[in-house]
1. With springs only between Cα atoms under 10 Å apart, run a GNM on the chain and tell me which of 160, 43, 72 wobbles the most.
2. Could you grab the relative contact order for the chain? Cα pairs under 8 Å, six or more apart, rounded to a whole percent.
3. Most fluctuating residue of 183, 103, 236 in a GNM of the chain with Cα springs under 10 Å: which is it?
4. Taking only DSSP H segments of four or more residues, each worth -39500 (n - 2.57), what value at 222 nm results for the chain once the sum is divided by all its residues, to the nearest 500 deg cm²/dmol?
5. Counting only C-alpha contacts under 8 Å and six or more residues apart, can you give the relative contact order of segment 139-258 as a whole percent?
6. Label-point separation (nm) for residue 50 and residue 248, each offset 7 Å from Cα along Cα-to-Cβ?
7. Please give the contour-minus-distance gain from residue 205 to residue 221: 0.36 nm per residue of separation, less the Cα-Cα distance, rounded to one decimal in nm.
8. Identify which of the listed values of Rg and Dmax of the Cα atoms in Å was calculated from the structure shown: (1) 23.1, 77; (2) 18.6, 58; (3) 18.3, 53.
């Protein structure tokens, strides 16, 4: 008997007006697995992740979490699953008006209704897990470097000890060294939590570092998936062009003529 996937998407579609963004996404992620979905801009990566989070409702298909169908789940059932998820948003998406520790503790205070002193202690602990000291906790996001902001965003993503963590372009805007530091922290934090992770990125260095398995999305469909170790021998022209960053190949970039 095979184990129930942590996340299972089957035939997921989504259109915005005449534009069909998801054209039947089929994807499974095992419990404790790190899956990275690669693909260019506008291929449907962010929309796909938002359908799993429940931010966007698909037009059709099935999304199951722990075997439970989300498309027909009640609000209470969806909320129960959402409470077990963490998210690192592209760009960090920290609240400028809140101190660092309040950003980290936001889900604990607002979602879990934790007391502020308890939430503060958890925030300090989580900041420590991403290599930030207690002195950073009282600062505001604007006082931090881009790399430190990304660490704070990671601390917030793991603050509630989630079962599932989503990473949306986790290394965007970082220099290669800081990007590698963040990749290492993602792997470490996910392993410590035993969490299932779904990441989307166009950064191949990041994908290779954090993925157990890689899938590629193109024009709203998963066109290849396999172990991260097999990405260079995928035998797929689209994957090969993307991985090696070649202009020539089946993927044609839309360049607007002025």
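1. Taking springs between Cα atoms under 10 Å, the residue moving most is 72.
2. Relative CO of the chain lands at 25 percent.
3. Sorting by GNM fluctuation, first place goes to 236.
4. -9500 deg cm²/dmol
5. RCO, segment 139-258: 17 percent.
6. 3.7
7. Result: 3.5 nm gained on full extension.
8. (2)
Each value in this text was obtained by applying a stated rule to the coordinates, not by laboratory testing. Computed from a predicted model, the values in this text were never measured in an experiment. Glycine gets a Cβ as well: all are built from the backbone with ideal geometry, and neighbour counts include every protein chain shown.
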